[in-house]
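No lab work stands behind these numbers, since they all come straight from the coordinates. Remember, it's a predicted structure, so these values are computed and weren't measured experimentally. Positions of Cβ are backbone-derived with ideal geometry, glycine not excepted, and every protein chain shown enters the neighbour counts.
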Amino acid sequence: MTLLALAVSGRGIVDPNAPSVFADDEAFLRGRGAFETLRVYGGRPFLLGAHLERLEASAARLRLPLVEVASLRALVEDALEAAGLPDCVVRIYWTPGREVDPQPTAYVLVRDVPDDLEELRARGLSLFSVLVGEVSGLLGGVKSTSYALNMVAVDEAKRRGADDALFLGSGGVVLECPTSNTWWRRDQTLFTPSLDLGILAGVTRGAVVEVATELGYEVAEGVYPMENLVTADEAFTTSSVREVMPVVAVDERPIAAGQAAQELQIGLRHLTGG
Ligand SMILES: Cc1ncc(COP(=O)(O)O)c(C=O)c1O
C-alpha cells in the first residue's frame with residue numbers, strides 16, 4: 001500500500017511523506033474525527049455524494065464543526081490529479097483541529113487499491129466471531145476515527161487463522177464486520193442486519209440493495225442470530241474497498257458457495273461504469 005497523494009484544507013497538495021497533523025488535534029488525541037473511504041474507478045470517485053453526506057452526518061453526531069462539502073469536493077479533485085492513478089482508494093478525514101484555536105481541517109489521502117482483492121474474492125473470506133455487545137446509541141452508525149476495536153478484532157481474527165472478524169451484538173446477533181457489512185442468502189432472499197442495530201449504513205450496502213432488487217432478489221433487514229448466517233445458502237460482505245466479497249466460513253464452520261455474490265459484484269461494477 002502506498003500513500004500516493006495528500007491534500008490538506010488551507011494548504012492544498014502537500015508532501016505525503018512529511019508530517020502534516022498537529023499532535024494536539026482532537027482526532028489524534030481522543031479519536032474524535034470523522035472519515036470516509038471510497039473507491040475511484042476510471043478517475044471517477046464512486047458515490048462521492050453519498051460518502052460526503054455520511055461524513056456530514058458523522059461529523060454532526062461527533063459534534064464537530066460543519067463539513068465544508070464544496071471545498072472538500074475540490075480537495076478530492078486536487079488530490080486525485082496529484083496522484084495521477086485512475087483506479088485508487090480515497091480516504092477523507094474531517095478533524096476539529098488543535099485544542100487551542102481549533103480550526104476544522106480536512107485531509108484527503110489517495111492510495112493504491114490493495115493488490116490481493118481478486119485473490120480473496122476467488123477463495124472467499126473466513127471470519128472469526130467477536131462478541132462486542134450492544135452498540136451505544138450515542139455513536140451507533142457513526143464512522144469515527146475511533147477504530148481501535150475494529151482493527152484489533154481483525155488482528156485477532158488473523159491470529160486465529162481467519163481473514164476478518166464478524167461482530168456479534170447482545171445475544172449473539174449478527175452486526176457487521178470491522179470494515180464491511182454482512183449479508184447472506186436463503187433461496188431468493190438476501191438478509192442483512194438492520195441499521196437499527198447501530199451498524200454503519202454502508203454506501204455499498206445501499207447500492208447492493210438496489211442491484212439485488214433489480215436482479216430479482218428480495219432483501220430482508222432485521223435482527224438475526226449467527227446461526228442463520230452459518231446455515232445460509234451463501235454469505236458475503238460488502239464495502240467500498242472490497243466490494244462484494246464471498247464468505248466461506250465462520251468460526252471454522254464452512255458456508256456453502258453460491259452465485260448471488262458474483263452476480264451482485266458484476267451488478268455493482270456496472271454501476272461504477274466499469
Ligand atoms: C464498520 C463498517 N461497516 C461497514 C462498512 C462498509 O461501508 P461502505 O460500504 O460505505 O464502505 C465499513 C466501511 O468502511 C465499516 O467501517
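Enumerate the amide H contacts of Asp251 below 5 Å, restricted to partners 5 or more residues apart or on another chain; note that Pro and chain-start residues carry no placed amide H.
So Asp251 has HN proximity to Leu127, Phe128, Ser129.
Give the residue from Thr189, Gly202, Ser170 lying farthest towards the positive end of the charge dipole for the chain; charges sit on Cβ (+1 for Lys and Arg, -1 for Asp and Glu) and the dipole is referred to the Cα centre.
Of Thr189, Gly202, Ser170, it is Ser170.
When the chain is modelled as a GNM with alpha-carbon springs shorter than 10 Å, which of Thr37, Thr231, Thr204 fluctuates the most?
Thr231
Per DSSP H run of n ≥ 4, the term is -39500 (n - 2.57); total these for the chain, divide by its residue number, and report the mean residue ellipticity at 222 nm rounded to 500 deg cm²/dmol. Spell out each step's value before the answer.
On the way: 8 runs with 81 residues, N = 274.
Only helices count here, giving -8500 deg cm²/dmol.
What size of dipole, in debye to the nearest 20, comes out for the chain about its Cα centre when the only charges are +1 on Lys and Arg C-beta atoms and -1 on Asp and Glu C-beta atoms? Numbers along the way, then the final one.
Numbers: 24 positive and 38 negative charges, 56 e Å.
My answer is approximately 280 debye.
Which of the three applies to segment 58-137, rounded, prolate or oblate, going by the alpha-carbon gyration tensor with a ≥ b ≥ c and a/c under 1.5 meaning rounded?
Verdict is oblate for segment 58-137.
Which order do peptides 25-31, 162-168 fall in by mean Cβ count within 10 Å, highest first?
On the way: 25-31: 16.7, 162-168: 22.3.
Per-residue mean Cβ counts within 10 Å order the peptides as 162-168, 25-31.
Positive end of the charge dipole of segment 51-150 (Lys, Arg +1 and Asp, Glu -1 on Cβ, about the Cα centre): tell me which of Ala59, Ala70, Val108 has its Cα farthest that way.
Towards the positive end, the residue furthest out is Ala59.
Would you mind putting 238-246, 146-154 in packing order, based on average other-beta-carbon counts within 10 Å, highest first? Walk me through the numbers before you get to the answer.
Working: 238-246: 22.1, 146-154: 15.0.
Highest to lowest by the protection proxy: 238-246, 146-154.
Could you size up the charge dipole of segment 176-274 around its Cα centre, putting +1 on the beta carbon of Lys and Arg and -1 on that of Asp and Glu, and report it in debye to the nearest 20?
Numbers: 6 positive and 14 negative charges, 50 e Å.
The dipole magnitude comes to about 240 debye.
Any chance you could get the radius of gyration and Dmax over the Cα atoms of the chain, in Å?
18.7, 57
In percent, what relative contact order does the chain have, based on Cα pairs under 8 Å that are 6 or more apart in sequence? Mind showing how you got there, number by number?
Values: 563 pairs, mean separation 49.7, N = 274.
Relative contact order here is 18 percent.
What are the DSSP H helices in the chain that stretch 15 Å or more along their long axis, judged by alpha-carbon atoms, and whose average Kyte-Doolittle hydropathy comes to at least 0.5?
Values: long enough: 48-61 (20 Å, -0.13); 69-83 (21 Å, 0.87); 148-159 (16 Å, 0.05); 203-214 (17 Å, 0.59); 260-271 (16 Å, 0.07).
The answer, listed by residue number, is 69-83, 203-214.
Let me know the whole percent of all Cα-Cα pairs from segment 123-258 that are separated by more than 26 Å.
Working: 1294 of 9180 pairs.
Value for segment 123-258 (Cα pairs over 26 Å): 14 percent.
Convert each backbone phi in segment 19-32 into a coupling constant with the Karplus relation 6.51 cos²θ - 1.76 cosθ + 1.60 (shift: θ = phi - 60°), then list the ³J(HN,Hα) values in order as whole Hz, x for Gly and Pro.
Those phi angles translate into x, 9, 10, 6, 5, 9, 6, 4, 5, 7, 4, 9, x, 9 Hz.
Quick one: Cα convex hull volume of segment 1-143, Å³ per residue? Provide the component values of the computation, followed by the final result.
Details: hull volume 19.7 nm³, N = 143.
Considering the Cα atoms of segment 1-143, their hull volume per residue is 138 Å³.
About its Cα centre, what dipole magnitude does segment 9-92 give when the only charges are +1 on Lys and Arg Cβ and -1 on Asp and Glu Cβ, stated in debye to the nearest 20? Working shown, then result.
Working: 10 positive and 12 negative charges, 66 e Å.
Charge dipole, segment 9-92, about its Cα centre: 320 debye, nearest 20.
Just to be sure I understand: of the beta bridges DSSP finds with both ends in the chain, what percent are antiparallel, rounded to 5? Provide the component values of the computation, followed by the final result.
Numbers: 44 of 57 bridges.
Close to 75 percent.
Of Gly222, Val154, Ala27, which is farthest along the charge dipole of the chain in the positive direction, counting Lys and Arg as +1 and Asp and Glu as -1 at C-beta?
Positive-end residue among those listed: Ala27.
How large is ³J(HN,Hα), in whole Hz, for each residue of segment 188-196 in order, when computed from phi with the Karplus curve 6.51 cos²θ - 1.76 cosθ + 1.60 and θ = phi - 60°, using x for Gly and Pro?
With coefficients 6.51, -1.76 and 1.60, one gets 9, 10, 9, 10, 8, x, 6, 5, 4 Hz.
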